[in-house]
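Below is one structure; the comments refer to it alone.
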Amino acid sequence: MVRFAGISKTYPAYRGKPGVNALQDIDFAIPRGSITGVIGRSGAGKSSLVRLINGLEKPTTGRVIVDGRDISALAGRELRLAQRSIGMIFQHFNLLSSRTAADNIALPLEIAGWAKADIKARVTDLLALVGIADKHDRYPSELSGGQKQRVGIARALATRPSVLLSDEATSALDPQTTRAILDLLANINRELGVTIVLITHEMSVVRQLAKEVVVLDAGHVVESGDVADIFTQPRHPITQSFLAEVIGDSLPVSLASRIVAEPSAGGQAVIRLQVRGAGAGDTLVARLARELGLDVSLLSARIDEIGGQPVGSLVLGIPFGMSSGEDAVTRTLAWLSQHQFPAERLGYVA
Amino acid sequence: MSPELINLIIQATFESLYMVGIAALLGTAFGLPLGVFLATSRKGELFAAPFVNRVLGIVVNATRSTPFIILVVAIIPFTRLIAGTSIGSSAAIVPLTIASAPFIARLVEAAIREVDGGLIETASSFGASPLQIVFKVLIPEALPGLLLALTLAVVSLLGYSAMVGAVGGGGLGDLGIRYGYQRFMPEMMLAVVVVLIALVQLVQSAGDYLARRVNRRLRHH
């Protein structure tokens, strides 16, 4: 659907500012009908990447193929025609303050030269689709953030595009409204089959909506693929840091303050293990206790779901007697390693 | 005041309105496109033409820094070419237009530059041509600012129109100088000033009202 082939993007030095290599060696494809998240910290090149898809920017090298057409080679009228099949929504909505909700949605249709009657019918349908049929004659200044983004979505879909680009579309919204907008996007993807590309710095957006993910760092794609695969086996530090936003890698304060480096009689060894993917969580602690014959205690746990897969970490206390303790810890770590749970010893508590 | 004098004032008022009205129309006809171009032709902008932008900017600045009374005299041959004469209200429209067009252009430029750049990008993203962006995005979004700019231009033109009286342009300024000053008729001078104040108030109030009506940015209920 959208394919990047050998893309690089360099902004030349201008007025004393040095040149910037915004994107380098970008090669990946976005499948038709998918919801793909492009996640990265600010300055990673996300905005440049998305603007290559709809031809707002030209790559320095390489090609961007959208729907079988090299959009980076188009210009003028040809480019403008191609842009009608690519919708875009924005962080700050970018609605015209001088137009009502209906007239904002009508704008791309006017630009495409639709007849007045057709525009009217289409706008009515679109307002209903995004759930604000009653806001037809409202001006943007009279709408809430969520309602404004709904108008933005309706406007982006007006010309029946095959791709919808979302540039941090929920970053200016509160969590509840974000949820509603993401649900709306999921519906649109399901019902209209529109390929959605989500540019975001928020892990929660990728987690809730995307099936595919592209992790961008310093202008490079560092990982890409199925959301569950990427986040159950994060390889790159930046991916791990995004994952940590969801599952957290910090211990509860009271536990962290009790952990010491040396064991004490009658205490526990503290082991943290990562839960990644199917078959992981549910019976783990029970099986571990039964098979090793240990009174394992659960000190802390945080498990969430990414791409339908459980992802998280457990902190276990293993009973540590002075004579037999080291043996229990060794057996536990061996058992975890055998069952492919990455684990580490954090220390001891009394 | 005698009926003759009152008639003179009425006649002069219409002359002033005629000069200012036509000059404002023509000044806008030239100044609006010029201002839009100045606002959109720097490097990387919609109609990027940095060199032309700079040249036009210099011409606009030169015109605006020439004192109006000098401009009027300096372009008399040109005025004669266009209007057939250099005397009278119709002839005065030529220098008034030439003075107001660059002024309006700068005001238009400022109003257009106030429009959020994200809107230009948005319109581009769904395939709007540069002209569509101007007519469907920039001008409608800048309309409140444009109306205030035009109001300011009309008020300034009323002031300028009083000056063309000095070179036989007619109008209220001419009346004030000939009767009020040269014939020492303070009541005439006062009448002229009162009429001018009333006109400026009227224009400003109408402009403010219209600008408020089209401004949807901060409408509260």
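Largest GNM mean-square fluctuation across A:150, A:32, A:331, computed for chain A with C-alpha springs under 10 Å, falls on A:331.
For the range A:121-152, a drop of 40 Å² or more in accessible area on going from the chain alone to the assembled protein chains (1.4 Å probe) is found at A:139, A:141, A:142. Normalised per residue, the accessible area of the range A:253-349 is 50 Å², obtained with a 1.4 Å probe and no contribution from ligands, DNA or RNA.
Pairs of lysines in the protein assembly as shown whose Cα atoms sit within less than 27 Å of one another amount to 25, provided the residues are eight or more positions apart or on different chains. Per-residue ellipticity at 222 nm computed for chain A from its helices equals -10500 deg cm²/dmol, with DSSP H segments shorter than 4 residues left out and the rest contributing -39,500 (n - 2.57). Taking other residues whose beta carbon is less than 13 angstrom from the beta carbon of residue A:71, and scoring Lys, Arg as +1 and Asp, Glu as -1, yields +3.
Based solely on its DSSP helices, what 222 nm [θ] is calculated for chain B when runs of n ≥ 4 H residues each add -39,500 (n - 2.57) and the sum is averaged over all residues, nearest 500 deg cm²/dmol? So the calculated ellipticity at 222 nm is -25000 deg cm²/dmol.
Taking label positions 7 Å along the Cα-Cβ direction at both residue B:43 and residue A:73, the computed distance is 3.1 nm, reported to one decimal. Quick check: at a probe of 1.4 Å, how many percent of the accessible area of the range B:78-123 sits on carbon and sulfur atoms? Within the range B:78-123, the accessible surface is 63 percent carbon and sulfur. On association of chains A and B, roughly 2200 Å² of accessible area becomes buried (total for both chains; probe 1.4 Å). Here the Gaussian network model covers chain A, with springs between Cα atoms less than 10 Å apart; of A:121, A:13, A:82, A:13 fluctuates the most. Rounded to the nearest 20 debye, the dipole magnitude of the protein assembly as shown is 1260 debye, with +1 charges on Lys and Arg beta carbons, -1 on Asp and Glu beta carbons, and the Cα centre as origin. For the range B:20-169, pairs of C-alpha atoms spaced more than 25 angstrom apart make up 34 percent of the total. Using a Gaussian network model of chain B in which every pair of alpha carbons under 10 angstrom is joined by a spring, one finds that among B:67, B:144, B:50 the greatest mean-square fluctuation is at B:67. Here is what passes the span test in chain B: the DSSP H helices with alpha carbon length of 15 Å or more along the helix axis and a Kyte-Doolittle mean of 0.0 or above are B:3-40, B:50-65, B:89-113, B:139-163, B:186-214.
Using the Cβ of residue A:31 as centre and a radius below 11 Å, the other residues enclosed give a net charge of +1, where K and R count +1 and D and E count -1.
Solvent exposure of chain B, expressed per residue, is 51 Å² of accessible area, with all protein chains present and a 1.4 angstrom probe.
Pair-distance distribution of chain A: all C-alpha pairs, bin width 20 Å, starting at 0; shares per bin in whole percent are 26, 44, 23, 6, 0.
Taking the protein heavy atoms of chain A in the context of the full set of protein chains, the accessible area attributed to carbon and sulfur is 49 percent at 1.4 Å.
The values are calculated or read from the model by the stated rules, or taken from the named source; none is laboratory data. In this text the structure is predicted, and so the values were computed from the model without any measurement. Backbone-built Cβ (ideal geometry, glycine too); neighbour counts: all protein chains shown. What goes into the accessible areas is simple: the full protein's heavy atoms, side chains included, and nothing from ligands, DNA or RNA. Shrake-Rupley method; radii C 1.70, N 1.55, O 1.52, S 1.80 Å.
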